[in-house]
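This report refers to the structure that appears directly beneath it.
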Amino acid sequence: MNYPKCPSCGHELLDRTDQCPFCGNDLSRRSLRSTGASPNHLRKIILLVSVMMAISGAAFTFFFAINGKRNAADTEKIPEQVIPQDTNAEHCFDNMYRILDAEDEYLDQNGRYADNIDELHQFDSSLDLVCPQSDLPYSIVNTKQSVQVICSVHGEI
């Protein structure tokens, strides 16, 4: 049978008393039953709380790290199609749409898309080949299924 121990000297106390018979420690304010089990119980609670806090911290760190990577990846995708903000940008987008229309006509007549902007300009000499804001030429990227016109200033359509 486990008997409660005196918190001061550690001797087992065989009966309920207000004073330890070995060291004279005053026990009147404490329950002997709880004093005997308290240190181990308190250590277990502290250990459990520490483990729970560590797991929670790791989970929050992982969550925010993953969420941060998603946000960074989303921000990198932004300039696919820029909304025109000035007259040069509007004119540039009009040019790019005219180039796409000319590509469709080229496809109808030749059975394939034009490989570059110069080939398309020979087909339709009225096309503007450069961005009005930067005077840089448009580029065409085509696959068997689609065509993209790219302006180095305003993005792609």
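Derivation of every value follows stated rules applied to the coordinates shown; laboratory data play no part. Given the structure is predicted, the values throughout are model-derived calculations rather than measurements. FYI the Cβ positions are ideal-geometry reconstructions off the backbone, even for glycines, and counts take in every protein chain you see.
For the residues His154, His91, His41, what sequence is obtained by ranking on other C-beta atoms within 10 Å, fewest first? Don't skip to the end; give the middle numbers.
Values: His154 24, His91 15, His41 11.
In increasing order of surrounding Cβ atoms, one gets His41, His91, His154.
Once the other residues with Cβ under 12 Å from the Cβ of Glu119 are scored (Lys, Arg +1; Asp, Glu -1), what is the net sum? Show your work: numbers first, answer last.
Values: positive: Arg112; negative: Glu103, Asp115, Asp118, Asp124.
Neighbourhood net charge equals -3.
Taking the Cβ of Asn142 as the center, what net charge do the other residues with Cβ under 13 Å away carry, scoring Lys and Arg +1 and Asp and Glu -1?
Working: positive: Arg112, Lys144; negative: Glu103, Asp104, Asp115, Glu119, Glu156.
Local charge sum for Asn142: -3.
How large is ³J(HN,Hα), in whole Hz, for each residue of the range 86-91 in order, when computed from phi with the Karplus curve 6.51 cos²θ - 1.76 cosθ + 1.60 and θ = phi - 60°, using x for Gly and Pro?
So the J values, rounded to whole Hz, are 8, 5, 4, 5, 4, 5.
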